[in-house]
Amino acid sequence: MLFIRSAILAVFFALTLAACSTAPPEGVRPVTSFDINRYLGQWYEIARLDHSFERGMSDVNATYQLQEDGSVKVINRGYDMQRQAWKEAIGRALFIGDPGTASLKVSFFGPFYGGYHVIALDQQNYRWSLVAGPDRDYLWILARDKTLPAELREQLLSQAKALGFATDKLIWVEQKRADTN
């Protein structure tokens, strides 16, 4: 009985640690020559792979604000269509290594961090980005505007698919509401 309990605890802790991974997925490289000051501000979620903390949400956006301690305040906001109400989550992001590499860890739940890796970026104008989480189950297409041209969407889809992401499962996020409560 003690062995079974120990085995169950070991599996639980292993899964917990895996869920808190901050490294990018194998074979996925974050953008270099990254400038956090240009990335700050509001981004609209154009598409995402489904996950529980954004399920059923439309009009999702993220705002990034640099803090005095060098961390980044993350404000994620979206409209919960079932509850007919806006939801907001506030987190904190820290660079994993060199701030010139777009690889951060983000926490919305105390000491638990997950990876946030910008893997493609409009480095000239910072108008769009492709973001991966700690594994291939997390992917976002973000933009400064509520829509992206079809040609650019296809380019980002091709890049994500080549990296092994399930682009056929992306949810295309409606961006129709005004940005108010």
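With +1 assigned to the C-beta of every Lys and Arg and -1 to the C-beta of every Asp and Glu, and no other charges, what is the dipole magnitude of region 127-181 about the Cα centre in debye, to the nearest 20?
I would put it at about 120 debye.
Answer with one residue from Tyr126, Phe95, Ile75: the one whose Cα lies farthest towards the positive end of the charge dipole of region 71-144, charges on Cβ with Lys, Arg +1 and Asp, Glu -1.
Positive-most Cα among the choices belongs to Ile75.
Among Lys105/Lys176; Lys73/Lys146; Lys87/Lys146; Lys87/Lys176, which pairs are too far apart, with a Cα-Cα distance over 26 Å?
Table pairs above 26 Å Cα-Cα are Lys105/Lys176.
Under the rule that an exposed site lies in a DSSP loop and has at most 10 other Cβ atoms within 10 Å, name the longest stretch of the chain with no GluC sites (Glu not before Pro) of that kind, not counting the sites themselves. All intermediate terms of the calculation are to be shown ahead of the outcome.
Details: sites that count: Glu26, Glu68.
Longest stretch, sites excluded: 69-181.
Taking the convex hull of the alpha carbon atoms in region 62-123, what volume per residue do you get, in Å³? Could you put the intermediate results ahead of the total?
Working: hull volume 7.6 nm³, N = 62.
Measuring per residue, one finds 123 Å³ for the Cα hull of region 62-123.
Using the crude model of +1 on Lys and Arg Cβ and -1 on Asp and Glu Cβ, and no other charge, please compute the dipole size for the chain relative to its Cα centre, in debye to 20.
Working: 20 positive and 20 negative charges, 57 e Å.
Magnitude of the dipole: close to 280 debye.
Which sequence of Ile75, Ile141 reflects their accessible areas, 1.4 Å probe, from the largest down?
Ranking Ile75, Ile141 by accessible area, largest first, yields Ile75, Ile141.
Rounded, prolate or oblate: which fits region 82-162 when a ≥ b ≥ c are the square roots of the eigenvalues of the alpha-carbon gyration tensor, with rounded for a/c under 1.5 and prolate only if a/b beats b/c?
Note, shape of region 82-162 comes out oblate.
For region 76-154, run through the trypsin sites (Lys or Arg not before Pro) and keep only the ones in DSSP coil with at most 10 other Cβ atoms within 10 Å of their Cβ.
Working: sites: Arg77, Arg83, Lys87, Arg92, Lys105, Arg127, Arg136, Arg144, Lys146, Arg153; in loops: Arg83, Arg127, Arg136, Arg144, Lys146.
Filter output for region 76-154: Arg83.
Can you give me the Cα centroid spacing of region 104-133 and region 137-156 in angstrom?
That distance is 14 Å.
The values are calculated or read from the model by the stated rules, or taken from the named source; none is laboratory data. Small disclaimer: the values here were computed from a predicted structure and weren't measured. Please note: Cβ atoms are built from the backbone with ideal geometry, for glycine as well, and neighbour counts cover all protein chains shown. The accessibility values were calculated without ligands, DNA or RNA, using every heavy atom of the protein model including side chains. Shrake-Rupley method; radii C 1.70, N 1.55, O 1.52, S 1.80 Å.
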